[in-house]
Amino acid sequence: MTSTPRKIIIDTDPGQDDAVAILLALASPEFEVLGITTVAGNVPLPLTSRNACLVRELAGRPDVPVFAGCDAPLARPLVTAEHVHGKTGLDGPEWWEPETAPEAQHAVDFLIETVRAHEPGEITFCTLGPLTNIATALQRAPDIAPRIRQLVMMGGAYFEVGNITPAAEFNIFVDPEAAAVVLAAGIPLTMLPLDVTHKALVTRARNDAFRALGNRTGRHVAEMTDFFERFDKEKYGSDGAPLHDPTVIAWLLAPELFSGREINVEIELAGTWTTGMTVADWWGVTDRPKNALFIGDVDADGFFRLLTERLARLP
Ligand code: BDR
Ligand code: CA
């Protein structure tokens, strides 16, 4: 464990799996979570902002500020995923009315100000949803790009291709123009695509382990998973749902659980059938510059051991 916690900002569209990622970060002393910025994605912005407030309350961390960001992609109408996450985005457990509300400041202003207020190389962005807030910040304040230590995103797919269309993963598909801006920004970047998250399935035994923790967080996580796994089980006929977004936080905590390649990744912006596809040069067949560490595999048992052990630390 490093003695100085890594300063991170979590950009997110909760979403049950976003919620678990936020909980994992808040349970981990390796991080100082400077803020949670919300974006429209799984559900519209008012709900993702509300959900971020609920999740910090669940973690007993109402002090972590939440900032609401962009309510629509850069250049397209918003596509949401209630068919996966339910009408609230956090369907499953019984939630309370949030006791906290987002800050007045816009998420994009918070991102820009925070990066400028820190030394270069201090801030890591963890992105769990469409990249609209990050791209808007980079377009408005290009000076922040070289100051960002790292950007770790859940997004994209190559061998697994798509989950929202046959060719595209949801976070990239919702705002492909934003993803293209981020990939071109020169920020050290790690991508956790569906190729990884589809290897991190919440089997019955893994979900029972969350439930058996005996704390409120464990119960909520198990009940959220019970809800969203019905969709993936039906779709993929798999043992359980992939837990996408926590892989971002887990990669930062324990990169030895993952393997991948430094490659070039481009975003398809104008495909007839493939808009939002992450065209990943996994086999190195072009000389396009490498712009991402594209993760391909995970030790799923190790990942779930880490997650379960950390969730046990929360209320
Ligand atoms: C991604 O899309 C969302 O539905 C999930 O929260 C995750 O971030 C997976 O494609
Ligand atoms: Ca998400």
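The values are calculated or read from the model by the stated rules, or taken from the named source; none is laboratory data. Since the structure is predicted, the reported quantities are computational estimates derived from the model, not experimental observations. Ideal geometry is used to build each Cβ from the backbone, glycine not excepted, and the neighbour counts take in all protein chains shown. Keep in mind that these areas ignore ligands, DNA and RNA; they rest on the heavy atoms of the full protein, side chains included. Shrake-Rupley method; radii C 1.70, N 1.55, O 1.52, S 1.80 Å.
If the condition is being outside any loop (DSSP other than H, G, I, E, B) and either open to solvent by less than 40 Å² (accessible area, probe 1.4 Å) or over 17 Å from E177 (Cβ atoms) (or both), then the range 271-293 contributes T278, A280, A292, L293. Checked against (1) more than 25 Å from E122 (Cα to Cα); (2) open to solvent by less than 50 Å² (accessible area, probe 1.4 Å); (3) touching a helix residue (DSSP H, G or I) at 6+ places or on another chain (Cβ under 6 Å), I22 meets all criteria but (1). Only a single criterion out of (1) away from ligand 1 (no atom under 13 Å from the Cβ); (2) over 20 Å from L314 (Cβ atoms); (3) buried (at least 23 other Cβ atoms within 10 Å of the Cβ) is not satisfied by I8, namely (2).
Restricting to the range 155-172, count the residues that are touching a Gly at 6+ places or on another chain (Cβ under 8 Å) and either on the phi > 0 side of the Ramachandran plot or buried (at least 24 other Cβ atoms within 10 Å of the Cβ) (or both). Of the residues in the range 155-172, 5 are touching a Gly at 6+ places or on another chain (Cβ under 8 Å) and either on the phi > 0 side of the Ramachandran plot or buried (at least 24 other Cβ atoms within 10 Å of the Cβ) (or both). Take the range 235-267 and flag every residue that is within 16 Å of ligand 1 (Cβ to nearest atom) and part of a loop (DSSP other than H, G, I, E, B). S238, G240, L243, H244, D245, listed by residue number.
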